[in-house]
Each structure stands twice: as C-alpha cells, then as structure tokens.
Amino acid sequence: MSKPTAYRGVFPVVPTIFDERGALDLEGQLRAVDFMIDAGSEGLCILANFSEQFVLTDAERDEVMQAVLRHVGGRVPVIVTTTHFGTAVCAERSRRAQEAGAAMVMIMPPYHGATIRVGEPAILDFFRRVSDAIDIPIMIQDAPVSGTPLPAAFLARMAREIAHVSYFKVEVPQAAAKLRDLIALGGEHVLGPWDGEEAITLLADLDAGATGSMTGGGFPDGIRQVTDPYFAGDREAAVAAYGRWLPLINHENRQCGLLAAKALMEAGGVIRCGLPRAPLLPLHPAAREGLLDAARRLDPLVLRWGR
C-alpha cells in the first residue's frame, strides 16, 4: 500500500449557510467556501458539528457535499464529516464522500444522546469496517460531545491496526498532553496529530507536535499567522501572533461557538444571513457585538472580503 498524503496546516470547518426561512442557501455556501480559500485555508472540512450537521437531512447533507466538492474543484483538499452511530451508515457515507472527491473523512466514535455508548471492542470494529469500505484517510474526532473516552493508547492501537486510521483531531481537556502521548505511542502510524476546538489550545498543541489545526471558519488568515511561523521554526513570532489573535479566538470559543463564523461572514458581506437552523437560537446581540469588536481590532479578511 502506498504511503498516504500527509495533510498539514489550517483546515477550518465550513459553516452550513441557511436563508432567513431556514432553507439551504447554496449560493451563500459557495461564497463562504471561496472566502475561506482566499483567506488562506490550506484545506476545508464540511458537515462537521460546527457546520450544524445535526440539523440536516440526509438529502441536504448530500446536496451540500456535492455542491462544495464540485465548486472547490481540487483547489484545496476537503475533509467530509461522515459521523453516524450505525457502522453501515457511516461506511456508506464515507464511501459516497470518497466518490465525490473527499480527501479524507472525519468520524466520531459511535454515540447517541447522553447515554448510549459502545466499548473499545465495538469502536475498533466500527472503524475497521469503515476503513475497509474506503481508500482515503480517516480522522478520528476525539471530542467531549461524544462522551466516549478514547485513551491515547487505544487511539494509537487503531492507528497501528486499521489501514486508513491515521489522523486524530484531539479537542479534549489537556489536549497537548494527549497529543504527546499519541505521537509517542503511535509513531509513524499517526500521520496527522491535529488540534481543534477553535484553536483555543493551539500554541500548546503545536508545542506538543500537532501538525494541523481544524478551527472555526471565520479567520483562517489569523490562524495562519500563528501556524506559518511556527512550522517555519520561528516560535517567537508564532507566540506573538497568538497573543494578538487570542481575544478573538477566546470570544468565538467561549461566547459564540458555532455561530461565530457566520456572524463574521454576514458582517463582512460574504453571506446574506448568519442565522442557525431551529431549534438553535440566533446569536445574542451582545455576544455578536463583542465578537465584531474583537475582530475589528485585527482587520481579518472576513470583514472586507464581500465589501
């Protein structure tokens, strides 16, 4: 088997764009993608939790996936989130993503609601079966929302034993420590130890060996100001840049969450409507203004791209 491509850098999550009625806005969706590429995204991720994937029908998921992958047209690699509790459903979603041109799929361990989980033997079988269905890399998303403990030793075991499991988005408490353990235990089988959670732990995760970051989609140009010098060996410049951008990163992570990117895109004329789909509520005006105040101090492309 040939060695897979090693994807690195900033791969933000693309929000799903809706109109004022809650219908898909594909024109806005493609404008969001174009902005994110222009802002320096080295890759993209679609249909993630920060894309509100949980409010989409299966038909809408496919519509968004097909439209985005056609529109990107290979300009950057695109990761498609294919998470589902059912093994067969996840495998089929992943196969369809590969056929549509996805560079990678991102998957959470099987979970449903607050209490339905499966143990490590079933998780191992789940990822093995999905891997057998495709020929592109799998990124395991290790996040608190699943409520599923994934010890570093278990993640490393899956990297060693399952052909396409080679990327890991770690966004749990003490992420840097877990990344260090994962890299030490998994060695060359861990092709992509990645940072997540809107870059709130980015600097520590880079110090731990992270080679990629999956952030929110509002300011990839700002995240690149951290990762570019870091990967070039200039940690001091990366630290300085992180200090500049941290108030905005913090406001997104702690105050606005998945609505931050759309609020910034709406303010900058990238999209017409930044509303979520019900039952999610619109961003509180005070949280939105705090976000925009933090952003204006940094002049990210998002506030200028559509003007």
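Couple of notes before you dig in:
- For the stretch 234-253, residues that are free of Cβ contacts under 8 Å to residues at least 24 places away in the same chain, surrounded by fewer than 15 Cβ atoms within 10 Å (Cβ to Cβ) and within 17 Å of ASP293 (Cα to Cα) total 1.
- Pairs where the first residue, in the stretch 190-204, is closer than 16 Å to PHE231 by Cβ and at pLDDT 95 or above and the second is of a type in the set (Lys, Arg) and buried (at least 24 other Cβ atoms within 10 Å of the Cβ), C-beta under 8 Å, 6+ apart: TRP194/LYS169; ASP195/LYS169
- Applying the criterion of being at pLDDT 95 or above and among the polar types (S, T, N, Q) to the residues of the stretch 3-49, the residue that is nearest to the chain's Cα centre (by Cα) is ASN49.
- Checking CYS90 against (1) buried (at least 17 other Cβ atoms within 10 Å of the Cβ); (2) hydrophobic (A, V, I, L, M, F, W, C); (3) without any contact (Cβ under 8 Å) to a residue 40 or more places away in the chain, the condition it does not meet: (3)
- Checking each residue of the stretch 224-237 against the condition of being of a type in the set (Ser, Thr, Tyr) and over 17 Å from the mean Cα position of the chain (by Cα) gives at least one match.
- Residue within the stretch 149-164 that is under 28 Å from ARG288 (Cα atoms) and either at pLDDT 95 or above or in contact with a Cys (Cβ under 6 Å, 6 or more places away or on another chain) (or both) present: no
- The residue pairs whose first member lies in the stretch 270-298 and is in contact (Cβ under 8 Å) with a residue 12 or more places away in the chain, whose second member is of a type in the set (Phe, Trp, Tyr) and part of a loop (DSSP other than H, G, I, E, B), and whose beta carbons are closer than 6 Å, counting only pairs six or more residues apart or on different chains, are VAL270/TRP305.
- Scanning the stretch 160-190 for residues that are in contact with a Leu (Cβ under 8 Å, 6 or more places away or on another chain) and closer than 17 Å to ARG129 by Cβ turns up GLU161, ILE162, SER166.
- Taking (1) buried (at least 17 other Cβ atoms within 10 Å of the Cβ); (2) without any contact (Cβ under 8 Å) to a residue 60 or more places away in the chain; (3) within 17 Å of GLU289 (Cβ to Cβ) in turn, MET265 satisfies each apart from (2).
- Residue within the stretch 149-167 that is in contact (Cβ under 8 Å) with a residue 12 or more places away in the chain, hydroxyl-bearing (Ser, Thr, Tyr) and over 18 Å from ARG8 (Cβ atoms) present: no
- For the stretch 106-128, a tally of residues being over 12 Å from ILE140 (Cα atoms), touching a Phe, Trp or Tyr at 6+ places or on another chain (Cβ under 9 Å) and either of a type outside the set (Asp, Glu) or crowded, with 17+ Cβ neighbours inside 10 Å (or both) returns 5.
- Total residues in the stretch 36-51, condition over 18 Å from GLY257 (Cβ atoms), buried (at least 24 other Cβ atoms within 10 Å of the Cβ) and not aliphatic (A, V, I, L, M): 1
Here is a yes/no grid of residues against (1) under 20 Å from GLY192 (Cα atoms); (2) not charged (D, E, K, R):
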{"position": "TYR111", "(1), (2)": "no, yes"}
{"position": "ASP125", "(1), (2)": "no, no"}
{"position": "MET139", "(1), (2)": "yes, yes"}
{"position": "ALA143", "(1), (2)": "yes, yes"}
{"position": "ILE162", "(1), (2)": "yes, yes"}
{"position": "VAL165", "(1), (2)": "yes, yes"}
{"position": "PRO173", "(1), (2)": "yes, yes"}
{"position": "ALA176", "(1), (2)": "yes, yes"}
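The values are calculated or read from the model by the stated rules, or taken from the named source; none is laboratory data. It should be emphasised that the depicted structure is a prediction, and the values quoted were computed from it without experimental measurement. Neighbour counts are summed over all protein chains in view; Cβ atoms, including those assigned to glycine, are modelled from backbone coordinates with ideal geometry.
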